[in-house]
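Structure first, then comments.
The values are calculated or read from the model by the stated rules, or taken from the named source; none is laboratory data. Keep in mind that what you see is a predicted model, and the values were worked out from it rather than measured. Quick reminder, even Gly has a Cβ in these numbers, built from the backbone with ideal geometry, and neighbours come from all protein chains shown. For accessibility, only protein heavy atoms count, side chains too; no ligands or nucleic acids. Shrake-Rupley method; radii C 1.70, N 1.55, O 1.52, S 1.80 Å.
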Amino acid sequence: MDKLIRLIKIWTLWELFQGLGVTGRNLFKKKFTLNYPEEKAPQSPRFRGLHALRRYENGEERCIGCKLCEAICPAMAITIEVAPRDEDSPESKGEVNGAGKSHNYGNRRTTKYDIDLFKCIFCGYCEEACPVEAIVETRIYEYHFEKRGENIMSKEDLLKIGDSEESQLATDLEVDGRFR
Amino acid sequence: MESSAEQNIVNIEINDISLQVEPGQMLIEVADANGVAIPRFCYHKKLSTSANCRMCLVEVEKAPKMLPACATQVMNGMKVWTKSPKAIAAQKSVMEFLLINHPLDCPVCDQGGECDLQDIAMGYGGDQTRYQERRRIVKDKDYGALVSTEMSRCIHCTRCVRFGEEVGGIAEIGGTGRGDHMEIGTYVQKSLSSELSGNIIDLCPVGALLSKPFLYSARAWELQSYLSIAPHDAVGSNIKIQTRNGKIMRVVPADNEEVNESWISDRDRFSYLGANESRVTSPMVRNSSGNLVETNWQAALDTVIKSFTEIIATDGGSAVGAIASPSSSVEEFYLLQKFMRGLGSNNIDFRLQQQDFSAGAEQSAPKLELSLQEIETQNSIFIIGSDIQREQPLLSHRVRKATLAGAVVSTINPKTIEFNFAISTSVKTDKLTPALAGVAKELLSRGLGGDLNLEQLLTDGAVNIAVEAEHKEIADSLVNGENSMVLLGALAYRDQNQSRIYSLATAISKMSNSSLNIVTEGANALGGVLAGAVPYHSAGKVEVSECGVDVAEMISNPPKGVVLFGVEADKDLAGDDSAIDSLGSGFVVAITPFMDRLTYEHADVVLPLAGFGESSGTFVNAEGRWQSFSGAVKPLGEARPGWKILRVLGSSAELQGFELDSSEQVLNEVKALCDVTADKSEPEISNWSAPTDLGNIEAEMVKPIPLYEVDAVVRRSAPLQEQAKKLTGGVDDV
């Protein structure tokens, strides 16, 4: 009996029509190919793109130079140098953000914060490790390098991205905040 | 009845594992010895038990409540659970209380990453706080230039308080107020004055006490540790030099129960900050117009060899000499003396501050007869001419421990010197010899003279020696003490009458059956003698045919060519400026890490020497312990380790036996010559005979060298200098 069914299937090209059915269904389905760059894919608020360093509203850098991101980075893409902040600056006296409860509170500041984008694997651990939400990953994924060395993002580059993306970053962090 | 052997064993069970332990121990000690981890903050193995953090609560069978493991003695049949649900619940509750007021600033805090509270909170802390009220904020205290404070982080473990009372010897820190208002601080607002104060940084289990110079410069996990030996005193404290990116970031103690226990002095801890100040980074040669100009190694070495060859050709080998720092390594001492003796000169010395050399080779090397640990067990200690607390802080700590165990200490010292331990008899004098002779005469009059032939010296001699009441007390304590020791310090060695003082001290120790312990300046004075960097003998006490001249003779009658090895001549040498300047009249080769006045004004060739932590080597500490160390960082600029410079100098001068590839090879050569086995030199027996006169009996005692003036590195350490200024109220002379 089985042999008979197999013979019928072979001679009626049953499996061929079965395969063509899949092709036909997809032929008339809604397309999900995008006409990049005219069209772009939607992004999650957790999207892990280019890095940025954020500031507080009063303009002070968030980063306190704790080096947790440097320590956790699995690709060792982050290099940080720190130095005590100038004792006489208004920031360190706590006049700017009201955080200064003693003469040396929050005194460590980065003098160098480099991310090597060739090494970075965009895992987002740096963002997760940061206790002050200073290093974040933006939604930016369109960038290129033209010269050797441009792959290393300096502190200034990162702060500039942070400044321009701040409103998007703040919204994304707020949306994602309740899951943290 | 149990037999006596069984009575000394207690059977207990920890976490259902039965153990047999000695009675009298605390639970936490037994647990530590058997690898059972119990969380703790206030307990420290070197400090008394205070049991006030309550973190080590454990469950004990039949005890109604949890008991603190640090304050519960083991008892027969005891059953303990450290990880039972009840114990864990108690520990978690304690942790919650401790975290109520502790600020959540770990990312900011320098202790983050090496913090006991952080580590233990990972295991026992909750993930949320139930505390809604305001956190306690405590005003920070000013502890001086070395220790930074952040008192809101304090959890009141009182380790620093107990350290001050029990180890530092000065109760400077204490707790004031109670409950929520308790604060740790100095009673009166002042800097810490203990020379061991930096240890409270290591003791503090949280980030309340931190190293001020290290503050915010690196994180604990970035540092690489290198074991080394502290180069500022003859204790040979074991240290860890911690580096980051090839730069020394800080120095912390390494535990060695036989040497420095868990402590190091502030001098050892903070001297690294001076290591790179005013450094010489490339070889320099003085040109025809009299200025030092930078050159390359080959040219500089050629100049040295050429000038030395010329001097020796015209005036013979004895026209050159070498003065080395007493903190040079054994390898450096050995190669330097080999180089000088190869050139035909025995003029080599490192005893920079000594004035009287009349005893010559008769004296034994400056060495402790006892081990550092044995000092703790002495009943009677007689300190002669030593500011021991400032000279050898951790040796002084051993003396202090002996006094706490009931030892009687007597001293003969200048008036200004005070100690942090109790002294029963103190002779405060400006003249050392008469006082010492008084003690010796008293011992002689008790018929202890034996065959030492001291009668002529002490009773029949031309000088009438007065025996005073204090001298009799000292003699009493030495004779009555079961274990008694005589300690001869740097002030006695720097005295104008050193040879007679040495003789009298030897006589006193022989008559009273005490051990004779000598400890002088520098990290490696004993190593210098063993490696042969003295005019009388080469390495391994091989006598030389013709004695060279000592350092005092070299200053007063300068050789035509002189090598200064690691010596900051104008500060390290005894004598006034003009005398020191005369040393510069000949051809001066300064092998030095630092640019100093004499080098700048007079040196003809300057060879940059590797500084602190930059070179491998070996120090022989005061008890004869050979301790080797390796370099932690690369030498700055063109500087090179001393043994390499001397090796190249030797081969350039076409001398034999300089084909050495590593400092270990040099060390093995010295060890073979000195017949050292097991890295420990045994006390030597010297042929001592009584002197015929008392020498310059009226010699005034020299002033002690201030705590932070002992060597070039310490003098350049800004925080130590700032601390010294604070302690003396701005007056430089202590």
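Brief remarks follow.
- Evaluation of B:Ala632 against (1) at pLDDT 95 or above; (2) open to solvent by 40 Å² or more (accessible area, probe 1.4 Å) (one fails), failing number: (2)
- Filter pass, A:Glu133 being at pLDDT below 95, surrounded by 13 or more Cβ atoms within 10 Å (Cβ to Cβ) and touching a helix residue (DSSP H, G or I) at 6+ places or on another chain (Cβ under 8 Å): yes
- B:Val562 open to solvent by less than 10 Å² (accessible area, probe 1.4 Å) and assigned to a loop (DSSP other than H, G, I, E, B): no
- Of the numbered criteria (1) under 37 Å from the mean Cα position of the chain (by Cα); (2) surrounded by 11 or more Cβ atoms within 10 Å (Cβ to Cβ); (3) in contact (Cβ under 8 Å) with a residue 40 or more places away in the chain, the one B:Ile12 fails is (1).
- Residue within the range B:60-75 that is polar (S, T, N, Q), under 23 Å from B:Glu261 (Cβ atoms) and open to solvent by 30 Å² or more (accessible area, probe 1.4 Å) present: no
- Filter result for B:Arg159 (within 28 Å of the chain's Cα centre (by Cα) and away from chain A (no Cβ under 14 Å)): yes
- Selection status of B:Gly123, facing another protein chain (nearest Cβ under 10 Å) and either assigned to a helix (DSSP H, G or I) or open to solvent by 40 Å² or more (accessible area, probe 1.4 Å) (or both): no
- Restricted to the range B:212-274, the set of strands (runs of 3 or more DSSP E) holding at least 2 residues that are β-branched (Val, Ile, Thr) comprises B:238-244, B:247-253.
- Options A:Ile72, A:Ile78; residue that is surrounded by fewer than 17 Cβ atoms within 10 Å (Cβ to Cβ) and within 14 Å of chain B (Cβ to nearest Cβ): A:Ile72
- Each residue in the range A:1-45 was checked for being open to solvent by less than 100 Å² (accessible area, probe 1.4 Å), part of a loop (DSSP other than H, G, I, E, B), aliphatic (A, V, I, L, M) and over 26 Å from A:Gln168 (Cα atoms), and 1 pass.
- The residues of the range A:126-166 that are in a loop (DSSP other than H, G, I, E, B) and hydrophobic (A, V, I, L, M, F, W, C), listed by number, are A:Cys130, A:Val132, A:Ala134, A:Ile140, A:Phe145.
- Exactly one residue out of B:Lys306, B:Lys247, B:Lys240 is open to solvent by 40 Å² or more (accessible area, probe 1.4 Å), within 14 Å of chain A (Cβ to nearest Cβ) and not aliphatic (A, V, I, L, M), and it is B:Lys247.
- When the range A:103-125 is limited to residues that are part of a loop (DSSP other than H, G, I, E, B), crowded, with 17+ Cβ neighbours inside 10 Å and not hydrophobic (A, V, I, L, M, F, W, C), the one that is modelled with the highest pLDDT turns out to be A:Asn107.
- Put simply, of B:Ser271, B:Ser265, B:Ser325 the only residue that is touching a residue at least 40 places away in the same chain (Cβ under 8 Å) and closer than 19 Å to B:Pro559 by Cα is B:Ser325.
- The set of residues in the range B:275-299 being under 30 Å from B:Leu720 (Cα atoms) and open to solvent by 50 Å² or more (accessible area, probe 1.4 Å) consists of B:Asn276, B:Glu277, B:Ser278, B:Thr281.
- Residues located in the range B:584-609, provided they are buried (at least 23 other Cβ atoms within 10 Å of the Cβ), free of Cβ contacts under 8 Å to residues at least 60 places away in the same chain and not in a strand (DSSP E or B): B:Leu598
- Of the numbered criteria (1) closer than 18 Å to B:Ile155 by Cα; (2) touching a residue at least 24 places away in the same chain (Cβ under 8 Å), the one B:Val108 fails is (2).
- Test: residue in the range B:70-90 that is among the aromatic types (Phe, Trp, Tyr) and within 22 Å of B:Asn52 (Cβ to Cβ): no
- Hey, B:Tyr131 farther than 21 Å from B:Tyr43 by Cα, part of a loop (DSSP other than H, G, I, E, B), among the hydroxyl-bearing types (Ser, Thr, Tyr) and within 33 Å of the chain's Cα centre (by Cα) or not: no
- Helices (runs of 4 or more DSSP H) contained entirely in the range B:326-416, each with at least 2 residues that are small (Gly, Ala, Ser): B:393-404
- Selection count, the range A:136-152, where residues are touching a residue at least 40 places away in the same chain (Cβ under 8 Å) and open to solvent by less than 20 Å² (accessible area, probe 1.4 Å): 3
- The numbered conditions (1) open to solvent by 20 Å² or more (accessible area, probe 1.4 Å); (2) within 14 Å of chain A (Cβ to nearest Cβ); (3) aliphatic (A, V, I, L, M) are all true for B:Leu210 except (1).
- Filter result for B:Gly321 (within 15 Å of B:Gly650 (Cα to Cα) and buried (at least 24 other Cβ atoms within 10 Å of the Cβ)): yes
- Test: residue in the range B:425-441 that is at pLDDT below 90 and either in contact with a Lys or Arg (Cβ under 6 Å, 6 or more places away or on another chain) or in a helix (DSSP H, G or I) (or both): no
- Number of the exception - B:Val188 against (1) open to solvent by 10 Å² or more (accessible area, probe 1.4 Å); (2) of a type in the set (Val, Ile, Thr); (3) part of a helix (DSSP H, G or I): (3)
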